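Read through the structure below, which is laid out as structure tokens, and then see the notes.
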Amino acid sequence: MSNNLLLVVDSYLSDQNRAGACLNLINQLRKNTPEYEILLINKSKESYGLEKQVDYYFNYGKGFLVGYPPEDVIKNEQYEVPYVYVRTDTGICENWLPFTGVTDHVAGIYNSFILSADIAKSLGYKRVFKVEFDTVFDNEELLTIKKDFNKEWDYLFYGKRKEGQFAKPWHYLIDVHICGYSVDLFDGFNIVKNDDEYWALCDKIGYWGKWIEYIIPNVLGYQQREKNIEGICYEGFWYDLFPKTQFDIINGAGGWADKWKSIPKVCRISYSEHEDHVTNEFCLFYWNDNEDVLEIKIKIYDKEEIIYDFSINLNHNHFHLEKFPLNSDLRIEKTNIYNGTVETYIENISPENVGKFSTRFLYN
């Protein structure tokens, strides 16, 4: 051990593609940070031989998916529903995600923080710098990050921000793709092995939700109430801080990866953040968060009559918005074409069910 910092690669090596991405990251770390040793945490049974590429290897295959939030937490409006949003000059499109099927893997990520700190401490290290396995660093940006390793900190966070107007005033998130922390930061916190233990953790830190990006800052806040902990926290979005580095190059299946599929989003409409929605209008929010052009075709039927027929090609991070009266039952047929793949969707909207739509457009 040449210093007091251990590099940790947090992985789930369920297939060859993931193993290849992980090996690429390990090689990048070896090349640019050769003076630091590497621990690989793998939450899948298969290792693909990567245990031979690192200094330390730990397999933890006891993960679980966190299920539906407790009913009393929902009833008391304590649960922080995951959502993403797009801000425009006209207003905000809020895309609210379901209670399950999106961030259910949160316990596995949280446990890797506890494991990495405990293992590093047992090896005699004082601090950890953890990287998610599907990260591709820009070498120059990695060398810039490396300069932080020799600074004084109990935590080293990147991408601090408040996510939308519905976040509680005391809640902020950090991007957990890369982060550093003292091996003592999680003293008093243990691995969670089931839903009850996970929600007990939420009760302890005062955050009821399944975003790991909020869990870690709230653990820090809990510890800071008990003792003096100081560190470095860079504010902003990770893609502004590290525009050439790629994070999350392998997205798992599920609602989180699909959050901006089925475009345009059919939105209920509000004209005040305190108003749930109106029942006599709705809007279509066209948005492309893909890197390449998204081709969109849409038709709206009132019974069998086509009342709207439209197509548009959207570049990356471009949007289009249209508003419609809602006086009857309508059928909305959508076709999305991206990189040669054609996907079709059908939705039905009426004055009676408009309030059940998980997307809302809040006009300025």
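The values are calculated or read from the model by the stated rules, or taken from the named source; none is laboratory data. Keep in mind it's a predicted model, so treat the numbers as computed, not measured. Don't worry about glycine lacking a Cβ; one is built from the backbone with ideal geometry, like all the others, and counts go over all protein chains shown. Just the protein is used for accessible areas: all its heavy atoms, side chains included, with ligands, DNA and RNA removed. Shrake-Rupley method; radii C 1.70, N 1.55, O 1.52, S 1.80 Å.
Yes or no, residue by residue, for (1) closer than 26 Å to residue 247 by Cα; (2) open to solvent by 10 Å² or more (accessible area, probe 1.4 Å); (3) modelled with pLDDT of 95 or more:
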| residue | (1), (2), (3) |
| --- | --- |
| 145 | yes, no, yes |
| 159 | yes, no, no |
| 162 | yes, yes, no |
| 179 | yes, no, yes |
| 204 | no, yes, yes |
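Answer yes if at least one residue in the stretch 109-124 is within 30 Å of residue 264 (Cβ to Cβ) and out of contact with any Cys (no Cβ under 7 Å at 6 or more places or on another chain), and no otherwise. Quick ask: steps written out before the conclusion?
Residues of the stretch 109-124 that are within 30 Å of residue 264 (Cβ to Cβ), as a first pass: none.
No - not one qualifying residue is present in the stretch 109-124.
Could you list, ordered by first residue, the pairs with Cβ atoms under 9 Å in which the first is in the stretch 115-138 and in contact (Cβ under 8 Å) with a residue 60 or more places away in the chain and closer than 17 Å to residue 229 by Cβ and the second is open to solvent by 10 Å² or more (accessible area, probe 1.4 Å) and among the small types (Gly, Ala, Ser), at least 6 apart or interchain?
Matching pairs, first to second residue: 117/182; 126/182; 127/182; 128/182.
List the pairs whose first member sits in the stretch 321-349 and is more than 26 Å from residue 92 (Cβ to Cβ), whose second member is among the aromatic types (Phe, Trp, Tyr), and whose Cβ atoms are under 7 Å apart, counting only residues at least 6 apart or on separate chains?
From residues that are more than 26 Å from residue 92 (Cβ to Cβ), the pairs are 331/301.
Given the options 227, 259, 265, name the one that is among the basic types (Lys, Arg), within 26 Å of residue 172 (Cβ to Cβ) and either at pLDDT 90 or above or open to solvent by 70 Å² or more (accessible area, probe 1.4 Å) (or both). Even if it seems obvious, please write down each step before you answer.
Working: 259 fails: either at pLDDT 90 or above or open to solvent by 70 Å² or more (accessible area, probe 1.4 Å) (or both); 265 fails: within 26 Å of residue 172 (Cβ to Cβ).
Result: 227 is the single residue among 227, 259, 265 that is among the basic types (Lys, Arg), within 26 Å of residue 172 (Cβ to Cβ) and either at pLDDT 90 or above or open to solvent by 70 Å² or more (accessible area, probe 1.4 Å) (or both).
Hey, among the residues in the stretch 338-362 that are buried (at least 16 other Cβ atoms within 10 Å of the Cβ) and among the β-branched types (Val, Ile, Thr), which one's farthest from residue 98 (Cα to Cα)?
This residue is 349.
When the stretch 72-93 is examined, which residues are found to be among the aliphatic types (A, V, I, L, M) and more than 24 Å from residue 269 (Cα to Cα)?
Let us first name the residues in the stretch 72-93 that are among the aliphatic types (A, V, I, L, M), namely 73-74, 81, 84, 86, 92.
Residue satisfying the conditions is 73 alone.
Of all residues in the stretch 58-79 being open to solvent by 80 Å² or more (accessible area, probe 1.4 Å) and in contact (Cβ under 8 Å) with a residue 12 or more places away in the chain, which is farthest from residue 199 (Cα to Cα)? If you could, list the steps in order and put the result at the bottom.
Narrowing the stretch 58-79 to residues open to solvent by 80 Å² or more (accessible area, probe 1.4 Å): 62, 65, 68, 71-72, 75-77.
This time we only want the ones that are in contact (Cβ under 8 Å) with a residue 12 or more places away in the chain, so: 62, 65, 68.
Working: 62: 18, 65: 12, 68: 10 Å.
By that ranking, first place goes to 62.
Go through the stretch 268-280 and give me each residue that's touching a strand residue (DSSP E or B) at 6+ places or on another chain (Cβ under 8 Å), surrounded by 15 or more Cβ atoms within 10 Å (Cβ to Cβ) and not in a strand (DSSP E or B).
277, 278, listed by residue number.
How about the stretch 24-57: which of its residues are within 24 Å of residue 193 (Cβ to Cβ) and of a type in the set (Phe, Trp, Tyr)?
If the condition is that a residue be within 24 Å of residue 193 (Cβ to Cβ) and of a type in the set (Phe, Trp, Tyr), then 56, 57 are the ones that fit.
State all residues of the stretch 281-337 that are in a strand (DSSP E or B) and among the acidic types (Asp, Glu); if no residue qualifies, say none. Give the derivation first.
Step one: list which residues in the stretch 281-337 are in a strand (DSSP E or B), which gives 281-287, 294-302, 305-314, 319-325, 330-337.
Once the filter is applied, which keeps residues that are in a strand (DSSP E or B) and among the acidic types (Asp, Glu), the stretch 281-337 yields 281, 295, 302, 305, 309, 322, 333.
In the stretch 1-22, how many residues are open to solvent by 60 Å² or more (accessible area, probe 1.4 Å) and either of a type in the set (Val, Ile, Thr) or in contact with a helix residue (DSSP H, G or I) (Cβ under 8 Å, 6 or more places away or on another chain) (or both)?
Residues meeting the conditions: 1.
Identify the residue in the stretch 302-318 that is of a type outside the set (A, V, I, L, M) and farther than 19 Å from residue 343 by Cα and, among all such residues, is least open to solvent (accessible area, probe 1.4 Å).
Of the stretch 302-318, the ones of a type outside the set (A, V, I, L, M) are 302-305, 308-311, 313, 315-318.
Retained after the next criterion (residues that are farther than 19 Å from residue 343 by Cα): 302-305, 308, 317-318.
Values: 302: 45, 303: 158, 304: 149, 305: 119, 308: 27, 317: 85, 318: 95 Å².
Going through the qualifying residues, I end up with 308.
Name the residue, out of 226, 213, 230, that is among the acidic types (Asp, Glu) and within 12 Å of the chain's Cα centre (by Cα). Walk me through it before giving the result.
Values: 226 fails: within 12 Å of the chain's Cα centre (by Cα); 230 fails: within 12 Å of the chain's Cα centre (by Cα).
Among 226, 213, 230, only 213 is among the acidic types (Asp, Glu) and within 12 Å of the chain's Cα centre (by Cα).
Here is a yes/no grid of residues against (1) farther than 30 Å from residue 249 by Cα; (2) touching a strand residue (DSSP E or B) at 6+ places or on another chain (Cβ under 8 Å):
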| site | (1), (2) |
| --- | --- |
| 300 | yes, yes |
| 309 | yes, yes |
| 313 | no, yes |
| 316 | no, no |
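So that you can scan it fast, the table gives a plain yes or no per residue for (1) among the charged types (D, E, K, R); (2) closer than 27 Å to residue 203 by Cβ; (3) part of a helix (DSSP H, G or I); (4) open to solvent by 10 Å² or more (accessible area, probe 1.4 Å):
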{"residue": "81", "(1), (2), (3), (4)": "no, yes, no, yes"}
{"residue": "93", "(1), (2), (3), (4)": "no, no, no, no"}
{"residue": "113", "(1), (2), (3), (4)": "no, yes, yes, no"}
{"residue": "140", "(1), (2), (3), (4)": "yes, no, yes, yes"}
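Considering only residues of the stretch 285-301 that are more than 18 Å from residue 330 (Cα to Cα) and of a type in the set (Val, Ile, Thr), which is most open to solvent (accessible area, probe 1.4 Å)?
So the first thing to find is which residues in the stretch 285-301 are more than 18 Å from residue 330 (Cα to Cα), and the list is 286-296.
Cutting the leftovers down to of a type in the set (Val, Ile, Thr) gives us 293, 296.
Numbers: 293: 74, 296: 1 Å².
Checking each candidate, the answer is 293.
Please verify whether residue 107 is in contact (Cβ under 8 Å) with a residue 40 or more places away in the chain, over 21 Å from residue 210 (Cα atoms) and outside any loop (DSSP other than H, G, I, E, B), treating the condition exactly as stated. Before you say what the answer is, go through the steps one by one.
On the way: in contact (Cβ under 8 Å) with a residue 40 or more places away in the chain: yes; over 21 Å from residue 210 (Cα atoms): no; outside any loop (DSSP other than H, G, I, E, B): yes.
Judged against the criteria, residue 107 is not a match.
Within the stretch 39-56, work out how many residues are open to solvent by 80 Å² or more (accessible area, probe 1.4 Å) and either basic (Lys, Arg) or under 18 Å from residue 115 (Cβ atoms) (or both).
Qualifying residue count for the region: 2.
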